[in-house]
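Undergrad: The structure follows.
The values are calculated or read from the model by the stated rules, or taken from the named source; none is laboratory data. Keep in mind the model is a prediction, meaning the values are calculated, not measured. Glycine also receives a Cβ, built like all others from the backbone with ideal geometry; neighbour counts cover every protein chain displayed. To get the accessible areas, we keep the full protein, side chains included, count just its heavy atoms, and leave off ligands, DNA and RNA. Shrake-Rupley method; radii C 1.70, N 1.55, O 1.52, S 1.80 Å.
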Amino acid sequence: MPASDLDLLTDAAREAGEIALRFWRKDPQAWEKSDGAGPVSEADLAVNAHLEQVLRAARPHYGWLSEESADEPARLDAEHCFILDPIDGTRAFLAGQDGFSHSLAIATGNRITAAVVHLPARGLTYLAHSEGPALLNGKPMTPADSALDGARVLTGKPSLDPVFWRGAVPPVRREFRPSLAWRLCLVAQGQFNAALSTRAAWEWDIAAGSLIAERAGCLATELSGRPLRFNTARALCDGLVVAPPGLHRQMIAGLGPAGSA
């Protein structure tokens, strides 16, 4: 089951990439969502519509959770559920940058069992299923462990506010990439040592990347160290720490009460 689901997601992600590139750097129509939820474009909606048509036709009994679709409570009763972000990194996409991705995953129960993160403008396809290795363009990946001091961490500036740490803020080397799904894959790939979000993370942003990171050899948890759970009613995780085991332990130990909320 996982491998056939993975094939389905891989084909769908590549088709999504073809659609997105028709709009990329072509000044697509875009507008701000309500409640400060960020931008959305006609490209996001076109990709979402295609993915919903293809995936739901192939797996009609699977639930559906997408950033660009109205939530369906029936998904909570489904054994399997698609969880996806049609375009992760919409701001980068609209700015003509190449760091946007398509993040597609399938949850079985509350765990992710198949995942693809595809960056069409960069020609990168990361994938994994629950019984195999994490692959980048068909080749296995290995993460890079590190001490916390000096670690290269993909995170936003707010995560290094002292309120989130028990003692002094660790002297990490902070960097950023626009797609959260891609950040987790870069950790899986060993290009960076860790990814951190002290803000609540939407399931569609992290579902695919978290499995890819785990199958590469990382730990992916909430800020408290609790396991990630998916297809939940809130569709939110309480922050995110993704890193190889040694660094992950140091980060969880260093995060303070605010980071454990």
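Undergrad: Could you pull out every one of the strands (runs of 3 or more DSSP E) wholly within region 7-86 that has 1 or more residues that are within 18 Å of residue 211 (Cβ to Cβ)? Spell out the reasoning first.
TA: On the way: elements: 30-32, 39-41, 63-66.
Fully inside region 7-86 and qualifying: 63-66.
Undergrad: May I ask you to list the residues in region 125-139 that are free of Cβ contacts under 8 Å to residues at least 40 places away in the same chain and in a strand (DSSP E or B)? Step through it out loud before you land on a result.
TA: We begin by selecting, within region 125-139, every residue free of Cβ contacts under 8 Å to residues at least 40 places away in the same chain; these are 135, 137-139.
Matches in region 125-139: 135, 139.
Undergrad: In addition: If we keep just the residues of region 90-136 that are among the charged types (D, E, K, R) and over 22 Å from residue 191 (Cα atoms), which is least open to solvent (accessible area, probe 1.4 Å)? Break it down stepwise before answering.
TA: Here is the first cut: in region 90-136, the residues among the charged types (D, E, K, R) are 91, 98, 111, 122, 131.
From the residues that got through so far, the ones that are over 22 Å from residue 191 (Cα atoms) too are 91, 111, 131.
Values: 91: 154, 111: 89, 131: 138 Å².
The qualifying residue least open to solvent (accessible area, probe 1.4 Å) is 111.
Undergrad: Related question: Need the failing condition index for residue 111 against (1) out of contact with any helix residue (DSSP H, G or I) (no Cβ under 8 Å at 6 or more places or on another chain); (2) in contact (Cβ under 8 Å) with a residue 40 or more places away in the chain; (3) more than 30 Å from residue 76 (Cα to Cα), just the number.
TA: It fails just one condition, (3).
Undergrad: To continue, here is another question. Name every residue in region 31-48 that is open to solvent by 50 Å² or more (accessible area, probe 1.4 Å) and touching a helix residue (DSSP H, G or I) at 6+ places or on another chain (Cβ under 9 Å), in order of residue number. Don't jump to the end; show me each part of the working.
TA: So the first thing to find is which residues in region 31-48 are open to solvent by 50 Å² or more (accessible area, probe 1.4 Å), and the list is 31-32, 34-37, 42, 45.
Hit for region 31-48 is 42, nothing else.
Undergrad: Would you kindly identify the strands (runs of 3 or more DSSP E) lying entirely within region 151-261 that contain at least 1 residues that are open to solvent by 40 Å² or more (accessible area, probe 1.4 Å)?
TA: Strands (runs of 3 or more DSSP E) meeting the threshold: 152-154, 173-175, 219-221.
Undergrad: State whether one or more residues within region 41-59 are farther than 18 Å from residue 10 by Cα and modelled with pLDDT under 95.
TA: Checking region 41-59: not a single residue is farther than 18 Å from residue 10 by Cα and modelled with pLDDT under 95.
Undergrad: I need the full set of residues from region 87-117 which are within 16 Å of the chain's Cα centre (by Cα) and either of a type in the set (Gly, Ala, Ser) or assigned to a loop (DSSP other than H, G, I, E, B) (or both), in order please.
TA: Hits for region 87-117 are 89, 92, 99, 100, 101, 103, 105, 107, 110, 114, 115.
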